[in-house]
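Inspection log for the structure reproduced underneath, given as structure tokens.
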Amino acid sequence: MTVTARFAPSPTGTLHVGNLRTALHNWMFARANGGRFLLRIDDTDRARSEERHVDSIRADLAWLGLVPDGEERQSSRFDRYEARFAELVAAGRVYPAYETAQELELKRKVLLGRGLPPVYDRAALALSDAERAAFEAEGRAPHWRFRLDHDAGIEWDDLVRGHQRFDPKTMSDPVVRRADGSWLYLFPSVVDDVDMAITHVVRGEDHVSNTATQLQMFDALGSGSPAFAHEALLTGSEGKLSKRLGSLGVDHFRDAGIEPQALVALLARIGTSDPVEPHVDPALLIAGFDFARFGRAPARFDEVELAQLNTRIVHQLGFDAVAARLPDGMTPEGWDAIRPNLSTISEAADWWHVVEGPVDAADMSDEDRAYLGQAAEAAAAIDWSGDPWHALTGALKEATGRKGKALFLPLRLALTGRAHGPDMAALLPLIGKDRALARLAAVG
Ligand code: GLU
């Protein structure tokens with residue numbers, strides 16, 4: 001049996017970081033098991049689904065490097081849902097109910113007022129044919145509920161949460177179809193999971209009670225059910241479920257200079273017993289992927305940790321991987337020299353500007369000016385083909401007796417206009433003899 005997982009977003013908005021994590025884990029699990037990863041667009045809600053969101057979902061997955069092995073759309077499968085629905089209606093597992101939203105709300109309030117759980121009372125199951133006909137004659141269209149089997153216990157071994165048990169008597173028969181004929185998510189999802197031979201459903205723990213009812217739907221459709229992994233949700237660094245997380249998507253991270261590899265490395269590991277590590281190659285993350293390593297406590301998503309991880313990822317990226325995003329003319333040697341100083345790739349432009357110039361003239365004491373005058377002369381005399389920085393500082397050390405900061409800092413200031421920056425030994429050959437002489441002479 002081929003492991004088959006699916007990521008099933010509703011295209012009613014852009015994906016947020018919690019969705020991205022779910023997508024990633026589905027993909028990793030499929031890849032770790034030589035299986036398939038499907039993208040299923042849950043667009044049964046015609047009014048709220050938008051094509052631009054479908055496009056952004058695809059683009060976001062592509063940015064993360066999660067390539068689906070296939071894409072399905074619920075909106076192209078309505079005939080199929082209709083057929084399977086008709087089977088359940090014929091079998092008495094789905095029944096029409098005529099209560100209005102207000103009537104249902106009143107029932108809820110009465111039960112809650114008596115201190116009872118607000119479970120639907122199944123009044124609609126008790127209607128006679130004549131009563132139903134009377135409702136229809138009134139112009140009331142029914143919505144449809146799935147009749148839970150109260151005698152069949154609901155249990156499963158969740159890959160993250162362990163053994164789960166629900167008593168169907170404590171649950172309302174879920175509405176699967178609205179009075180206008182539109183579908184709620186629960187039933188089409190089960191039909192799809194059966195037809196697409198889904199072996200593992202990986203999703204957030206907010207779906208646990210849905211799973212309880214869906215397990216009976218798999219059964220009612222005569223199918224075995226997939227395995228389930230319900231992951232603890234993400235919380236912000238402050239330890240609370242934050243609104244902010246719900247608004248953080250790929251655009252935000254890209255704009256902040258976060259590399260997809262950094263986001264993948266973080267989302268792969270938070271909430272698990274494995275350390276967060278700056279792996280550029282997802283194969284290293286996939287190799288150890290195991291739901292048994294996921295905890296039940298919420299996973300903490302910390303943007304500071306992400307930024308730090310990003311820095312460590314940027315330091316590993318090769319020139320070819322980033323060339324298209326570097327300033328014109330920047331060379332592989334330039335990238336290698338500047339890379340250790342970057343937290344984001346976009347900062348490379350700033351340092352490349354320091355190489356190409358012009359740089360700001362630094363404020364200097366008279367003594368340092370005199371020193372830089374000497375430096376300009378020394379720079380004209382050294383061999384630039386090898387290691388000009390060590391040649392220059394070696395000559396100046398000998399000639400002036402300066403050492404440490406007094407030796408290096410005025411040179412760095414004159415040559416780059418800044419007090420900090422990439423290793424001068426790597427930078428000076430890029431600045432080159434002509435520009436270096438001009439910059440030293442300008443101060444000295
Ligand atoms: N469309 C559902 C959601 O976004 C899918 C849940 C599932 O994975 O079954 O919550």
Discussion item. As an exercise: evaluate F253 against (1) closer than 30 Å to R84 by Cα; (2) in a helix (DSSP H, G or I); (3) aromatic (F, W, Y) and give the number of the one condition it does not meet.
Written reply: (1)
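Looking at A375, A349, A379, A399, can you tell me which residue is at pLDDT 95 or above, closer than 30 Å to A307 by Cβ, assigned to a helix (DSSP H, G or I) and among the aliphatic types (A, V, I, L, M)?
Values: A375 fails: closer than 30 Å to A307 by Cβ; A379 fails: closer than 30 Å to A307 by Cβ; A399 fails: closer than 30 Å to A307 by Cβ.
Residue meeting the stated conditions: A349.
If you scan region 402-430, which residues turn out to be among the charged types (D, E, K, R) and under 16 Å from G386 (Cα atoms)? First the steps, then the outcome.
Let us first name the residues in region 402-430 that are among the charged types (D, E, K, R), namely 402-403, 405, 412, 418, 423.
D423 - this is the single residue of region 402-430 that is among the charged types (D, E, K, R) and under 16 Å from G386 (Cα atoms).
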Item to complete: Kindly list, by first and then second residue, each pair from a residue in region 398-421 that is under 17 Å from D363 (Cα atoms) and crowded, with 18+ Cβ neighbours inside 10 Å to a residue that is modelled with pLDDT of 95 or more and aromatic (F, W, Y), limited to pairs with Cβ atoms under 8 Å and residues at least 6 apart or on different chains.
Response: P410/Y371
Worksheet item: Looking at (1) within 9 Å of the ligand (Cβ to nearest atom); (2) of a type in the set (S, T, N, Q); (3) modelled with pLDDT under 95, which is the one condition that is false for S237?
Response: (1)
Worksheet item: Mind checking which residues of region 197-227 are within 12 Å of the ligand (Cβ to nearest atom), under 11 Å from T4 (Cα atoms) and touching a residue at least 40 places away in the same chain (Cβ under 8 Å)?
Response: I198, H200, V201, V202
Worksheet item: Failed condition for D180, given (1) within 12 Å of the ligand (Cβ to nearest atom); (2) more than 18 Å from the chain's Cα centre (by Cα), with all others met?
Response: (1)
Practice prompt. Could you please give the count of residues in region 23-52 that are within 13 Å of the ligand (Cβ to nearest atom) and surrounded by fewer than 20 Cβ atoms within 10 Å (Cβ to Cβ)?
Written response: 3
Practice prompt. Give me a count of the residues in region 169-196 that are of a type in the set (V, I, T), crowded, with 16+ Cβ neighbours inside 10 Å and free of Cβ contacts under 8 Å to residues at least 60 places away in the same chain.
Written response: 2
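Has region 310-326 got any residue that is assigned to a helix (DSSP H, G or I), among the acidic types (D, E), surrounded by 13 or more Cβ atoms within 10 Å (Cβ to Cβ) and within 33 Å of the chain's Cα centre (by Cα)?
The first filter runs over region 310-326 and keeps only residues assigned to a helix (DSSP H, G or I), leaving 310-314, 319-325.
Next cut, among the acidic types (D, E) only: 320.
Those left that are additionally surrounded by 13 or more Cβ atoms within 10 Å (Cβ to Cβ): none.
So far as region 310-326 goes, no, none of its residues is assigned to a helix (DSSP H, G or I), among the acidic types (D, E), surrounded by 13 or more Cβ atoms within 10 Å (Cβ to Cβ) and within 33 Å of the chain's Cα centre (by Cα).
Run down E72, E99 and say which single residue is within 14 Å of the ligand (Cβ to nearest atom) and buried (at least 17 other Cβ atoms within 10 Å of the Cβ). Before you say what the answer is, go through the steps one by one.
Numbers: E99 fails: within 14 Å of the ligand (Cβ to nearest atom).
That would be E72, the only listed residue that is within 14 Å of the ligand (Cβ to nearest atom) and buried (at least 17 other Cβ atoms within 10 Å of the Cβ).
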Practice prompt. Could you tell me whether R73 is under 36 Å from the mean Cα position of the chain (by Cα), under 30 Å from L263 (Cα atoms) and free of Cβ contacts under 8 Å to residues at least 24 places away in the same chain?
Written response: no
Discussion item. Condition first: more than 13 Å from the ligand (Cβ to nearest atom), hydrophobic (A, V, I, L, M, F, W, C) and assigned to a loop (DSSP other than H, G, I, E, B). Can you find one or more residues in region 2-17 that meet it?
Written reply: yes
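The values are calculated or read from the model by the stated rules, or taken from the named source; none is laboratory data. Note that the structure is a prediction, hence the values are computed from the model and not measured. So basically every Cβ, Gly included, is an ideal-geometry build from the backbone, and we count neighbours across all protein chains shown.
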